[in-house]
Protein chains: 2
Amino acid sequence: PSRLPGYATHQVGVAGAVFDEDTGKVLVVQDRNKMKNAWKFPGGLSEPGEDIGDTAIREVLEETGIKSEFKSLLSIRQQHGAPNAFGKSDMYIICRLRPLSFHISFCPHECLKCEWMNLTDLAQTDDTTPITHKVANLLLYGHREGFEKVDIAMQELPSVYVGLFYKLYHRELPELYENIARMD
Amino acid sequence: PSRLPGYATHQVGVAGAVFDEDTGKVLVVQDRNKMKNAWKFPGGLSEPGEDIGDTAIREVLEETGIKSEFKSLLSIRQQHGAPNAFGKSDMYIICRLRPLSFHISFCPHECLKCEWMNLTDLAQTDDTTPITHKVANLLLYGHREGFEKVDIAMQELPSVYVGLFYKLYHRELPELYENIARMD
């Protein structure tokens, strides 16, 4: 419970799992300049002051040309001391996005490949990272049984600092429990 | 999708909602030196290299003398430009903890009050912050209908960097979907 001024200790990376419920396809890329050509979700680092969902949407657009909208968070990873993090800890967040366009126009400086892949294929391939595999399984669970089972939903709340708002992510709370004070 | 070296943009604060399922009580504090004496969960800033759950456990112990263990994440807040964040963005994460001791011995430099409060009272009081109120409702929902409804569960996975592990937080995935590759 330090009273010292805070200082930044983390970089925040965000990836977007753009999933099209109509076709069952998900947008995946293979990065250039990586040791293993693994399928993953497009993403990158948050800019200062940028909201998580906005980073995901921006990075997906820049890398793949696909427009999308934010739906939820699917996973949060915390990692310390990764070789590319320059001694900082990193938070890496994967969002569920819904596509608003479908024509891929990928950035060849960053991506080796980019495609709409069947979600079931992504869940089954060995050419991916453990976290992408896990999120593919979460998406498949959500697609088959309802996304409320996997979504970490977003809500905007007023800050204690007048005029400021913030985004809070948590499990969906039934209406009944939103007004719990009036229940008992 | 910047290729520039990353730099830290966020500080990470973590609070612990220590809830005792046997008594229905939750550990709350009132900070000194705040304008409004609102009940909240004890917490503070993550130290470099420290895992989220470890920060929650450490801060709860330092502020209140209560020992606890990590159960899950309940909520994640992202905020930019708060007056106490020195121009940085902040992530503020509330964990669900289980108490391992019950005798309060609080730090008088930080806390004005500290007590085990009935969760239903916390969910109903006006003397709290919007985020604490929200998390009290989430805890009540979990306590009454099962914590799997509100928990963002933790799992340890191997990094692509050999020998490194990281913690991944997401909704619990049924066993069936963990091995989806063998389902179809």
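The values are calculated or read from the model by the stated rules, or taken from the named source; none is laboratory data. Just so it is clear, the model here is predicted, and its values are computed rather than measured. Cβ placement follows ideal geometry from the backbone for every residue including glycine, while neighbour counts extend to all protein chains displayed. Quick note on the areas: whole protein, heavy atoms, side chains included, nothing else; ligands and nucleic acids left out. Shrake-Rupley method; radii C 1.70, N 1.55, O 1.52, S 1.80 Å.
Sorted shortest first, the separations between the B:Pro83 label point and its copies elsewhere in the assembly read 4.6 nm; each point sits 7 Å from Cα along the Cα-to-Cβ line.
Partners of B:Lys40 within straight-line reach, counting aspartates and glutamates whose Cα lies under 15 Å from its Cα and excluding those fewer than 8 residues away in the same chain: B:Asp31, B:Glu59, B:Glu63, B:Glu110, B:Glu115, B:Asp121, B:Asp126, B:Asp127. The slack between A:Cys107 and A:Asp22, meaning 0.36 nm per residue of separation minus the straight C-alpha distance, is 28.0 nm. Hey, rough spin-label estimate for B:Gln155 and B:Asp127, points 7 angstrom out along Cα→Cβ, what's it come to in nanometres? Going from the B:Gln155 label point to the B:Asp127 one covers 4.3 nm. Give me log10 I(q)/I(0) at q = 0.10, 0.12, 0.25, 0.26 Å⁻¹ for segment B:92-184, Debye formula, one equal scatterer per alpha-carbon, no solvent. Log10 of I(q)/I(0), two decimals: -0.46, -0.62, -1.38, -1.40. Entry comment: accessible area of segment A:1-145 is 41 Å² per residue, from protein heavy atoms only and a probe of 1.4 Å.
Computed from Cα atoms, the angle from the helix A:130-145 axis to the main principal axis of chain A rounds to 70 degrees. For segment A:91-152 and segment B:12-79, write down the distance between their C-alpha centroids in whole Å. After rounding, the separation between the Cα centres reads 33 Å.
Among the residues of B:169-176, the average count of other protein chain beta-carbon atoms within 10 Å of the residue beta-carbon is 6.
Could you report the buried accessible area between B and A, both sides summed, computed with a 1.4 Å probe and given in Å² to the nearest 100?
When B and A are taken together, about 6900 Å² of accessible area is lost.
Just the protein heavy atoms count here, and of the accessible area of segment B:29-73 at 1.4 Å, carbon and sulfur take up 49 percent. The long axis of helix B:52-64 is offset from the longest Cα principal axis of chain B by roughly 10 degrees.
Can you list the distances in nanometres, one decimal and ascending, from the A:Asn37 label point to the identical position in each other copy, with the point 7 Å along Cα to Cβ? Spelled out, the distances from A:Asn37's label point are 6.7 nm. Inter-copy label distances for A:Gln155: 2.6 nm (label point placed 7 Å from Cα along Cα→Cβ; shortest first).
With the whole protein complex present, B:Tyr177 retains an accessible surface near 10 Å², based on a 1.4 Å probe.
Segment A:9-114 gives an Rg/Rh value of 0.96, both radii derived from C-alpha positions and Rh following Kirkwood.
The calculated FRET efficiency for B:Glu62 paired with A:Leu176, based on their beta-carbon distance and R0 = 30 Å, is about 0.25.
For the set A:Lys71/B:Lys36; A:Lys25/A:Lys134; B:Lys67/B:Lys113, the pairs lying more than 23 angstrom apart at their alpha carbons are A:Lys71/B:Lys36. Per-residue shielding of B:71-78, expressed as the average number of other chain Cβ atoms within 10 Å of the residue Cβ, stands at 6.
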